[in-house]
Amino acid sequence: MRPDHKHLVDGKYTFEELVNIQQLKEMFERFSQATGFTTGLISYPQQQVLITTGWRDICAKFHRKSPAAAKHCQHSNIELTSQLKQGKTFNILPCKNGLVDGATPIIIKGAHVASLFTGQILLEQPNIEQFRRQASEYNFDEAAYLKALSEVPVVDKQKIEQALSFLSDIAILLAKQGLKELQQKQAEIRIQRSEKRYRTFFENSVDAMFINKDGIFIDGNKAAATLLGYSNVNELRGKTPAQLSPEFQADGSESKIKAPNMLKLAITQGSHRFVWNHLSKNGDIIPVEISATAVPTEHGTVVHSIIHDISERKQAMEQLNHLAHHHPLTGLPNRLLLSARLELSIQYAKRTKIHGAILFVDLDNFKKINDSLGHSAGDEVLTTVASRLREHSRKVDTVAHLSGDEFVVVLQNIHTIEGATIRARQIIDSMQQPFMINNYELFITCSIGIVGFDGDCDNIETLLQNADAAMHKAKDKGKNCYHLYSEQLTESVMAKVLLEGQLRRALKRNELVVHYQPQVTLPEGKIIAVEALLRWQHPEMGLVPPDDFIPLSEETGLIIPMGKWILETACAQLVKWRQQGFDIHRVAVNLSGRQLQLETLPQTVQKVLQQTGCPAFALELEITEGFIMRHPEQSIAMLQQIQKLGVDLSIDDFGTGHSSLNYLKRLPINRLKIDRSFVWDIGENINGETLTKAIIAMGHSLNLQITAEGIETDKQRKFLEGLNCNEAQGYLFSKPLPAEEVVKLLQRNS
């Protein structure tokens, strides 16, 4: 159904009749790939979706699939575009389904005929409960819906405004293109009318026009002469198209051969539209689009050509093409262009038998800069890094910016791998020069993974993955260094990836279990508390040692849900034992460094206590000394919040983290746990015994309870009793046990 007459351009045409929709779709697909922003082209006022690119799953697979949700989308689109009537260049508005969209109008001859949309983003972290309600209301699969929500980026309002500003410029170009197409259609209609009326139009048209017969220009209009820089049409008559063109066209073909072929196509097909490069009188190349139409006359067939200057459109296309192949911040080649350049380097290596190398460069601790100084400071750091990488590369090399703080340097003509390591060292040294950002002097390091390649390489993605693996190995070695890739590293990384996948499934399949190790009073030996220890009961590998999966869970962030689960399980188990009549004073649960960095940790602890009915004084949270010393002020602030809940706090593995007494006395802790390495020195190493005595004496002087862990012999126990150590834990008393085995032990102990 065609829209109302007043919403048609010139009262006749819809927007899609004036532009090449397929060409626009390809252009916007490149825009979406380059920027990560979605685009939509929607006609107005009928709200027909003409083009969509880069749409998020949450819209494509959920909101647009549900009639009710789609209706909300349509109402939001109408509200968004209706506000554009107020004269705004663009508008940003929350969608009724919870996301944020923006739009800019396309106005041709005063008619609002279509709108360019972008968005499907969030400006702040989403209200999960709102989306849960929507999932229920629209009968969505909640888990899949929330997963799709998690893939929606949270974007600064400034960035969506920048994207809309760019799309607004494109909308203006499209309006011009539509206007030119409208004028072309009007011209073609007039040509079909009487010769007299056509001649009037021909001579006065703003569009350049030529009439060609037998490959010779026999006529043209003033606009044609103006376009090509001639004073009048007479200078053009008698010339061939090739004489008004450069020797070669953009596709490499010779103008003198291609021009007759284009005219022949127009005659055999009736009409033909093509892109051409003309040459002005002063030698400038003018890109044009030619619509050539064969017109039978009494003197034979002539070809009428309408010529549009597409310089602006070509410039916009080149700009979009640049965006599609370069990082928008640094201007460096992105992953797409990197792959093409790397393919060329491999082919070069195959021809010359000279190797190349990939340097995968990742900044160390870059997130801290964004978190502390803001994203604008982070962006300035990245542009400076890009500049320094360019300074240390040759013309034959490629410096690419993948994403965030990840860069890749492709080295060509590397005769030995030592050449790559020398370049890596130069890059590392260059990064150690201070960065002046917002009057702050920042010191930044980087880690580099190196992988060599020759002409036999046939998988670019594997090369990049191997370089990435080597880079992570450099980080594991302490950062600020490089590491050469080896096949063993791939095996290690693959094993790690497989283990991560299994660990994620373990969370869903309830393969994680909690074992409890008793803590006893000294010298009585009465069980007074237990420490909750996480174990993984793998269906094939059996009981997986914690050292095999806890570090990985820390690295991947899985420790967050795992930590909450063990806290809930341990508190609920303690309540159950107390209800059974067992006198267990407390349960101790380890907190990871990742958990301590969560601002919501105190609220999580409080909620678990409320849900399980566990008294706050019966919960002890253990924090490793090493994390506290790396983040003292952050740790003190967080622990003070948790202490206000009434929860006991202890330092685990004390003696291994070089604690500052100044920080120690400020920490709101109740207990020190002596690291097992000191306990094992008892009777073996006089220095270890001396340190154990000092720790216990210091702890008592600070009114702290002392627990020694790792006790395996009576000799160790008696030594600690003699120092008035309050409690003990270790295999001498019991190994970690499942909850049901603890019950039997408690019955015997009582």
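Computed quantities for the displayed model
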read-out: Count of residues meeting criterion [within 27 Å of the chain's Cα centre (by Cα) and either among the aliphatic types (A, V, I, L, M) or more than 25 Å from Tyr731 (Cα to Cα) (or both)] in the range 511-566; value: 13
read-out: Residues that are in a helix (DSSP H, G or I) and touching a helix residue (DSSP H, G or I) at 6+ places or on another chain (Cβ under 6 Å), drawn from the range 132-163; value: Ala135, Glu142, Tyr145, Ala148, Leu149
read-out: Residue satisfying condition, being outside any helix (DSSP H, G or I) and of a type in the set (Asp, Glu), within set Asp371, Asp362; value: Asp362
read-out: Filter result for Glu129 (free of Cβ contacts under 8 Å to residues at least 60 places away in the same chain, part of a loop (DSSP other than H, G, I, E, B) and not polar (S, T, N, Q)); value: no
read-out: Residue in the range 155-171 that is closer than 30 Å to Ala68 by Cα, at pLDDT 85 or above and among the β-branched types (Val, Ile, Thr) present; value: yes
read-out: Single residue of Gln74, Gln120, Gln83 found to be free of Cβ contacts under 8 Å to residues at least 40 places away in the same chain and either more than 19 Å from Thr38 (Cα to Cα) or surrounded by 17 or more Cβ atoms within 10 Å (Cβ to Cβ) (or both); value: Gln83
read-out: Looking only at the range 200-259, and only at residues there that are farther than 18 Å from Ala292 by Cβ and of a type in the set (Asp, Glu), the one that is farthest from the chain's Cα centre (by Cα); value: Glu235
read-out: Close pairs from the range 725-750: first without any contact (Cβ under 8 Å) to a residue 40 or more places away in the chain, partner among the hydroxyl-bearing types (Ser, Thr, Tyr), Cβ under 9 Å, at least 6 apart; value: Leu732/Thr713; Glu741/Tyr516; Glu741/Ser734
read-out: Within the range 156-177, considering residues that are free of Cβ contacts under 8 Å to residues at least 40 places away in the same chain and of a type in the set (A, V, I, L, M, F, W, C), the one nearest to Leu18 (Cα to Cα); value: Ile172
read-out: Residues of the range 358-377 classified as at pLDDT 90 or above and either more than 22 Å from Cys481 (Cβ to Cβ) or aliphatic (A, V, I, L, M) (or both), total; value: 4
read-out: Subset of the range 374-384 [of a type outside the set (Val, Ile, Thr) and either in contact (Cβ under 8 Å) with a residue 12 or more places away in the chain or part of a helix (DSSP H, G or I) (or both)]; value: His375, Ser376, Ala377, Gly378, Asp379, Glu380, Leu382
read-out: The lone exception for Leu745 - which of (1) within 27 Å of Phe582 (Cβ to Cβ); (2) among the hydrophobic types (A, V, I, L, M, F, W, C); (3) within 49 Å of the chain's Cα centre (by Cα) it fails; value: (3)
read-out: Residue, modelled with the highest pLDDT, within the range 16-50, restricted to residues that are farther than 18 Å from His322 by Cβ and of a type in the set (Val, Ile, Thr); value: Thr38
read-out: Qualifying residue in the range 433-445 (condition: charged (D, E, K, R) and crowded, with 20+ Cβ neighbours inside 10 Å); value: no
read-out: Those residues of the range 702-742 which are over 51 Å from the mean Cα position of the chain (by Cα) and over 18 Å from Ile528 (Cβ atoms), in sequence order; value: Thr713, Asp714, Lys715, Gln716, Lys718, Phe719, Gly722, Leu723
read-out: All positions within the range 402-435 that are basic (Lys, Arg) and within 24 Å of Leu329 (Cβ to Cβ); value: Arg423
read-out: Enumerated helices (runs of 4 or more DSSP H) restricted to the range 586-646, each holding at least 2 residues that are in the same structural domain as Ile560 (by TED's automatic domain parsing) and under 18 Å from Gly557 (Cα atoms); value: 593-596, 601-612
read-out: Selection count, the range 31-62, where residues are free of Cβ contacts under 8 Å to residues at least 40 places away in the same chain and part of a helix (DSSP H, G or I); value: 2
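The values are calculated or read from the model by the stated rules, or taken from the named source; none is laboratory data. All values derive from a computational prediction rather than experimental measurement. Counting neighbours? That spans all protein chains shown, and the Cβs are built from the backbone with ideal geometry, glycine included.
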